[in-house]
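Asker: Just dropping this structure here.
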Amino acid sequence: MPPEIDTSERLTEIAQATLDVAREAGPRSVTIRAVAARMGRSTTVITKYVPSRSALLVNAVSHVRAGWDAAVAEVLDRKTGLNRLRALMDWTLDTEDYDDAARRLWHEILAKEEPASDQWGALVDEAHDDHASIVATIEESAIDAPAWLADVLFLVSRGFFVSTVKDPEDWSGDRARVAVNAMLDDLFPQGTTKPKRAGTTKRPRARR
């Protein structure tokens, strides 16, 4: 009797091979056949778990995102006040490990899929989760932030996703962090938790 295969482990193996292909040859080179070759397996091993190229891409992006949750928890550990929000944005505006490949696949899904597709919906859900994470961090930081701050920081992070794919040499994480921290310095002068300009303190909710 053949050994039982752990589905989670196999999906992780497929995701890592997908990301390796994307990193080395670009997202358009990612196919079921290319990933199978990278793993040294037959295409049927892939299609048993991910039935299409679209599912292959989403599996890879989801794999990277799963690692982000643990990374964010570690980054925010014991951070308070404005430093907690800064820590989240510093981490968000960076590219490590498979981040660059995942962003390229993210763009590939948006370029190829219809808005009504499950794959497109997975990216929409991911964006909602990212916005909600910023909202939650602002609330946990207990800073008197204007209602628009979460929206602006979310749009900055999404713009960074696009810029690092389009022009990674010009739009580095360091450049993005300088801009975000300058905005926060201006909004919260001298490390205070109250904004320089009056604004509503009602927190924005993640959109669904």
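Asker: Mind listing just one residue for me: the one in the stretch 52-94 that is polar (S, T, N, Q) and assigned to a helix (DSSP H, G or I) and, of those, nearest to the chain's Cα centre (by Cα)?
Answerer: Pass one, the stretch 52-94, residues polar (S, T, N, Q): 52, 54, 59, 62, 80, 83, 92.
From the residues that got through so far, the ones that are assigned to a helix (DSSP H, G or I) too are 54, 59, 62, 83, 92.
On the way: Ser54: 18, Asn59: 14, Ser62: 9, Asn83: 21, Thr92: 8 Å.
So the residue we want is Thr92.
Asker: Considering each residue of the stretch 68-86, count those that are free of Cβ contacts under 8 Å to residues at least 12 places away in the same chain and surrounded by 16 or more Cβ atoms within 10 Å (Cβ to Cβ), and give that number.
Answerer: Qualifying residue count for the region: 2.
Asker: Collect the residues in the stretch 96-117 that are free of Cβ contacts under 8 Å to residues at least 40 places away in the same chain and either among the aliphatic types (A, V, I, L, M) or in a helix (DSSP H, G or I) (or both), keeping them in residue-number order.
Answerer: Keep residues of the stretch 96-117 that are free of Cβ contacts under 8 Å to residues at least 40 places away in the same chain, which gives 96-97, 99, 110-111, 114-116.
Those that are free of Cβ contacts under 8 Å to residues at least 40 places away in the same chain and either among the aliphatic types (A, V, I, L, M) or in a helix (DSSP H, G or I) (or both): Asp99, Leu110, Ala111, Ala116.
Asker: If you scan the stretch 48-59, which residues turn out to be open to solvent by less than 60 Å² (accessible area, probe 1.4 Å) and either out of contact with any Phe, Trp or Tyr (no Cβ under 9 Å at 6 or more places or on another chain) or under 18 Å from Ile5 (Cα atoms) (or both)?
Answerer: Narrowing the stretch 48-59 to residues open to solvent by less than 60 Å² (accessible area, probe 1.4 Å): 49-50, 52, 54-59.
Those that are open to solvent by less than 60 Å² (accessible area, probe 1.4 Å) and either out of contact with any Phe, Trp or Tyr (no Cβ under 9 Å at 6 or more places or on another chain) or under 18 Å from Ile5 (Cα atoms) (or both): Tyr49, Val50, Ser52, Ser54, Leu56, Val58, Asn59.
Asker: Is it fair to say Thr193 is farther than 21 Å from Ala70 by Cα, open to solvent by 30 Å² or more (accessible area, probe 1.4 Å), in contact with a Pro (Cβ under 8 Å, 6 or more places away or on another chain) and at pLDDT below 90?
Answerer: On the way: farther than 21 Å from Ala70 by Cα: yes; open to solvent by 30 Å² or more (accessible area, probe 1.4 Å): yes; in contact with a Pro (Cβ under 8 Å, 6 or more places away or on another chain): no; at pLDDT below 90: yes.
So Thr193 does not fit the description; no.
Asker: Taking the condition open to solvent by 70 Å² or more (accessible area, probe 1.4 Å) and on the phi < 0 side of the Ramachandran plot, does Asp97 pass?
Answerer: Details: open to solvent by 70 Å² or more (accessible area, probe 1.4 Å): yes; on the phi < 0 side of the Ramachandran plot: no.
Spelling it out, it is not the case that Asp97 is open to solvent by 70 Å² or more (accessible area, probe 1.4 Å) and on the phi < 0 side of the Ramachandran plot.
Asker: Anything in the stretch 1-41 that is polar (S, T, N, Q) and open to solvent by 60 Å² or more (accessible area, probe 1.4 Å)? List them, or say none. Write out each step before concluding.
Answerer: So in the stretch 1-41, the residues polar (S, T, N, Q) come out as 7-8, 12, 16, 18, 29, 31.
Selection gives Thr7, Ser8, Gln16.
Asker: Return yes when Glu126 is open to solvent by less than 30 Å² (accessible area, probe 1.4 Å), in contact (Cβ under 8 Å) with a residue 60 or more places away in the chain and of a type in the set (Asp, Glu) and no when it is not. First the steps, then the outcome.
Answerer: Working: open to solvent by less than 30 Å² (accessible area, probe 1.4 Å): yes; in contact (Cβ under 8 Å) with a residue 60 or more places away in the chain: yes; of a type in the set (Asp, Glu): yes.
In short, yes.
The values are calculated or read from the model by the stated rules, or taken from the named source; none is laboratory data. Just so we're clear, the structure is a prediction, and the values are computed from it rather than from any experiment. Glycine also receives a Cβ, built like all others from the backbone with ideal geometry; neighbour counts cover every protein chain displayed. Areas reflect the complete protein model, heavy atoms only, side chains present, ligands, DNA and RNA absent. Shrake-Rupley method; radii C 1.70, N 1.55, O 1.52, S 1.80 Å.
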